[in-house]
Amino acid sequence: MTKQFYTEEVMASIKQQIKDQNISVRKQYLASEYYERKMEEYRKQEEIVIFGTGNYGRDLYKMLKMENICSAKCFCDNGIARQGKKMAELDILSPQEAVERFPNALYIITPRGYGDEILRQLVGMGVDAMHISIFVLELAELTEKL
C-alpha cells in the first residue's frame, strides 16, 4: 500500500525545512525587486518610524522582523484612538510626538490611499523629504504570504 501525500502535510514540511535552514524571505517567496530594494534601503537606517497601524503597517513590521531589521522605533498614526497604545511591542505615537522623539528617523508611510496627504503632513512638520519612504505592499508581492 502506498502512502498518500496531502498538500497540507507537504507544505508544512517545506515550511519547516525553510525555517530550520533560516532561508531569507526574498528567497522563500522569490520576492520582487521592489521588495529587495526597499529592504536594502531600510537595512541602512538607524531609526525607522512606521506611519500607519493598519494591516499594511503590521505587515511591514513583520517583514522588517523577518529580515532582521531591528531599527523600527515606533508606529505613528493620525487616529487618536490608537495613540498611546502598543502594537507588536512598539508604542503608537501621534505624528507630532514621533517627529519630536525621532527627528532623524526614516518615516515609512504605509496607509493605502493616503500617501500624498501623509507625505505633505510630515514635510509640513519639518521632516526632510529624503527621510520619507512610501511602502506599497502590493509591489512587494508578499501580501498573502505573511
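Within segment 78-97, take every residue that is hydrophobic (A, V, I, L, M, F, W, C) and assigned to a loop (DSSP other than H, G, I, E, B) and give me the one that is nearest to Gly126 (Cα to Cα). Going through the qualifying residues, I end up with Ile80. Among the conditions (1) surrounded by fewer than 18 Cβ atoms within 10 Å (Cβ to Cβ); (2) modelled with pLDDT under 90; (3) under 13 Å from the mean Cα position of the chain (by Cα), the only one that Phe5 does not satisfy is (3).
Considered as a group, the residues in segment 65-85 that are over 17 Å from Gln96 (Cβ atoms) and touching a residue at least 24 places away in the same chain (Cβ under 8 Å) include one that is surrounded by the most Cβ atoms within 10 Å (Cβ to Cβ), and that residue is Ala72.
For segment 103-110, state whether one or more residues are more than 15 Å from the chain's Cα centre (by Cα) and assigned to a loop (DSSP other than H, G, I, E, B). Checking segment 103-110: at least one residue is more than 15 Å from the chain's Cα centre (by Cα) and assigned to a loop (DSSP other than H, G, I, E, B). Can you confirm whether Val127 is in a strand (DSSP E or B), at negative phi, modelled with pLDDT of 90 or more and touching a helix residue (DSSP H, G or I) at 6+ places or on another chain (Cβ under 9 Å)? No, not satisfied.
In this structure, is Met39 more than 19 Å from Val136 (Cβ to Cβ) and free of Cβ contacts under 8 Å to residues at least 40 places away in the same chain? In short, no. Within segment 31-54, the set of residues being in contact with a Phe, Trp or Tyr (Cβ under 7 Å, 6 or more places away or on another chain) and closer than 15 Å to Glu67 by Cα comprises Lys38, Ile48.
A single member of Glu144, Glu117, Glu138, Glu100 is at pLDDT 95 or above, out of contact with any His (no Cβ under 9 Å at 6 or more places or on another chain) and assigned to a helix (DSSP H, G or I), and it is Glu100.
The values are calculated or read from the model by the stated rules, or taken from the named source; none is laboratory data. As the structure is a prediction and not an experimental result, all values here were calculated from the model. Backbone-built Cβ (ideal geometry, glycine too); neighbour counts: all protein chains shown.
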